[in-house]
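Contents: one structure, followed by commentary.
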Amino acid sequence: MGFTLQFTKGHGTGNDFVLYTDPEGDHPLTTAQIVAVCDRHFGVGADGVIRAVRSRNIDEGAAALAEDDGAEWFMDYHNADGSIAEMCGNGIRVYARYLIEQGLVELESGDTLAIGTRAGVRDVQRATNGFQVDLGRWKLEGGEPLVRAKELKVARPGLGINVGNPHVVVALADEAELESADLHYIPLIEPEPMDGANVEFVVPYDPLIKDGVARISMRVHERGSGETLSCGTGVAAAALATRHWAGSAAPNAWRVDVPGGTLGVRMFATQDGEHVGLSGPADLVYTGTLELG
Ligand SMILES: N[C@@H](CCC[C@H](N)C(=O)O)C(=O)O
């Protein structure tokens, strides 16, 4: 049956999303519809689709409400190929802004908005440069698989990191190598993680630390979306991996440059272990309607 999608286009450092509101959970898109919407030639064009649904109206929302009964809204995130992702660091910051501008929530500076995701409840706040999210506890996961991207002559060891969704971070020699890597193709990961992974390629600046902030540049191939201009959870994973390699001298404040802009990462201690936070711009660009078959 046909459906008129009233959507908003948004992005966080060029990582772009189509957002729409479905409070009662009546209008999940099919895989084919998501692929059509995200198509950059025949659709709106986006790296993913975010459905704003009340947590009580989506199956996975029950776990979110059990964790925090204030998590009224759930971020139902799908990659451009229609696959589900547990978490999206840029998406959730753009989603917070969307909920505010749609009049669905209020968020004063200093207040926290709890949002349900498949990775658990995540807390979002306004920040000087946009919005920030506490991505929660992170963990090393998946060991050190070998990664091969087109144009990289040899397979490189990566580091598996989970920040709610899976990542493999690979250090490259220099900016020239980062620029020449062809990330259009899915990088080969050996051994292949069961559910795939997002792959980040990073190069530290020289010197790594300036004014107490560590700095790296990064490009990413996202699971389910291909190369994107930015990936928030990937940026956090890249900073965590580089800190892991740099050893104890590395700080907990990081600046990560991606093709679409710059994001901030901060690691901080909490009662339940170390969390990682992400901050940066979250923009809404335009609204539109699309007839879906
Ligand atoms: N762009 C996102 C991550 C989106 C999900 C990812 N492709 C996956 O499949 O895990 C971000 O900003 O974190």
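Details
- The residue pairs whose first member lies in the range 233-254 and is within 24 Å of Cys88 (Cα to Cα), whose second member is among the acidic types (Asp, Glu) and modelled with pLDDT of 95 or more, and whose beta carbons are closer than 7 Å, counting only pairs six or more residues apart or on different chains, are Gly234/Glu200; Ala237/Glu200; Ala238/Glu200.
- Test result for Pro166, more than 13 Å from Leu263 (Cβ to Cβ), in contact with a Lys or Arg (Cβ under 9 Å, 6 or more places away or on another chain), within 13 Å of the ligand (Cβ to nearest atom) and modelled with pLDDT of 95 or more: yes
- If the condition is being among the aliphatic types (A, V, I, L, M) and surrounded by 21 or more Cβ atoms within 10 Å (Cβ to Cβ), then the range 146-170 contributes Val147, Ala149, Leu159, Ile161, Val163, Val168, Val169, Val170.
- Looking at Ala149, Ala127, just one residue is modelled with pLDDT of 95 or more and of a type in the set (A, V, I, L, M, F, W, C), and that residue is Ala127.
- Candidates in the range 183-206 are the residues that are within 24 Å of Cys88 (Cβ to Cβ) and among the charged types (D, E, K, R); of these, the one that is nearest to the ligand (Cβ to nearest atom) is Asp195.
- Residue in the range 207-227 that is of a type outside the set (Ser, Thr, Tyr), away from the ligand (no atom under 16 Å from the Cβ) and within 16 Å of Pro166 (Cβ to Cβ) present: no
- A count restricted to the range 186-209 and to residues that are part of a strand (DSSP E or B) and touching a strand residue (DSSP E or B) at 6+ places or on another chain (Cβ under 9 Å) stands at 14.
- Residue ID - nearest to the ligand (Cβ to nearest atom), chosen from residues in the range 49-98 that are open to solvent by 10 Å² or more (accessible area, probe 1.4 Å) and of a type in the set (Val, Ile, Thr): Ile84
- Exactly one residue out of Gly234, Gly264, Gly277 is part of a strand (DSSP E or B), within 26 Å of Tyr77 (Cα to Cα) and in contact with a Ser or Thr (Cβ under 9 Å, 6 or more places away or on another chain), and it is Gly264.
- Listed conditions (1) open to solvent by 20 Å² or more (accessible area, probe 1.4 Å); (2) more than 9 Å from the ligand (Cβ to nearest atom); (3) touching a strand residue (DSSP E or B) at 6+ places or on another chain (Cβ under 6 Å) are all met by Trp245, apart from (3).
Yes/no per residue for (1) over 20 Å from Asp174 (Cα atoms); (2) basic (Lys, Arg); (3) open to solvent by 10 Å² or more (accessible area, probe 1.4 Å):
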residue	(1), (2), (3)
Tyr185	yes, no, yes
Met194	yes, no, yes
Leu208	no, no, yes
Asp211	yes, no, yes
Cys231	yes, no, no
Ala250	no, no, yes
Arg266	yes, yes, yes
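- Residue within the range 130-145 that is in contact with a Phe, Trp or Tyr (Cβ under 9 Å, 6 or more places away or on another chain), more than 30 Å from Asp111 (Cβ to Cβ) and surrounded by fewer than 17 Cβ atoms within 10 Å (Cβ to Cβ) present: no
The values are calculated or read from the model by the stated rules, or taken from the named source; none is laboratory data. From a predicted model like this one, the values you see are computed outputs, not experimental measurements. No Cβ is skipped: glycine too gets one built from the backbone with ideal geometry, and neighbour counts run over all protein chains shown. Ligands, DNA and RNA are excluded from the accessible area calculation, which covers all protein heavy atoms including side chains. Shrake-Rupley method; radii C 1.70, N 1.55, O 1.52, S 1.80 Å.
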